[in-house]
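The values are calculated or read from the model by the stated rules, or taken from the named source; none is laboratory data. Worth saying up front: this structure is predicted, and the values here are computed from it rather than measured. All Cβ positions, glycine included, derive from the backbone under ideal geometry; neighbour counts span all protein chains shown.
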């Protein structure tokens, strides 16, 4: 394999080139976790926030980087899932299950995202993110989630396509089998 050339390095990202291909690397964490969370009232948890990279409000599932902050170095994906779920939504879970992991944009970045299913949810706080975030929490009835997302898209929101994989994983394992105990 040929050596990679660093073109630019910022605080959290590095722009690289290998064999003529330019791509971005995260410098603080390579793994992100997306949390599939359904409340006891059968409502899917979504978060809304403004994303400067696309200059738009987005609707996403709760998510975050694994071990990206100094205080979180060495955490595993389940600890990150718990931290991000609580911080962003004000909900916690009694357990978390790994569903699958893969690249977010293999032609652009080395980032990998892991889908984690949260079980046994209960409300513990208001959510809204940390001091650097302005997150709005949406609790949407599961049966209405796809329609609700389509309506937000028509209103001009950017909808993260990974949401649809997350909705599938509420009821299905990565191999298509039904989830037991949902």
Checklist entry - Does at least one position in the range 156-167 carry a residue that is in a helix (DSSP H, G or I), within 22 Å of residue 51 (Cα to Cα) and without any contact (Cβ under 8 Å) to a residue 40 or more places away in the chain? => result yes
Checklist entry - Within the range 134-141, is even one residue farther than 16 Å from residue 34 by Cα and in contact with a helix residue (DSSP H, G or I) (Cβ under 7 Å, 6 or more places away or on another chain)? => result yes
Item to check | Search result, residues across the range 63-109 that are modelled with pLDDT of 95 or more, surrounded by fewer than 16 Cβ atoms within 10 Å (Cβ to Cβ) and in a helix (DSSP H, G or I) | outcome: 79
Checklist entry - Filter the range 119-137 for residues that are closer than 19 Å to residue 48 by Cα and crowded, with 17+ Cβ neighbours inside 10 Å; which is modelled with the lowest pLDDT? => result 129
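Name the residue, out of 134, 76, that is under 28 Å from residue 15 (Cα atoms) and in contact (Cβ under 8 Å) with a residue 60 or more places away in the chain. It would help to see each step written out before you state the result.
Working: 76 fails: in contact (Cβ under 8 Å) with a residue 60 or more places away in the chain.
After ruling out the rest, the residue left standing is 134.
Select from the range 20-42 the residues that are part of a strand (DSSP E or B), more than 22 Å from residue 70 (Cα to Cα) and in contact with a helix residue (DSSP H, G or I) (Cβ under 7 Å, 6 or more places away or on another chain) and list them in ascending order.
Residues satisfying the conditions are 36, 38.
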Item to check | Test for residue 176: is it farther than 17 Å from residue 60 by Cβ and surrounded by fewer than 16 Cβ atoms within 10 Å (Cβ to Cβ) | outcome: yes
Item to check | Some residue of the range 44-56 being surrounded by 14 or more Cβ atoms within 10 Å (Cβ to Cβ), assigned to a loop (DSSP other than H, G, I, E, B) and modelled with pLDDT of 90 or more | outcome: no
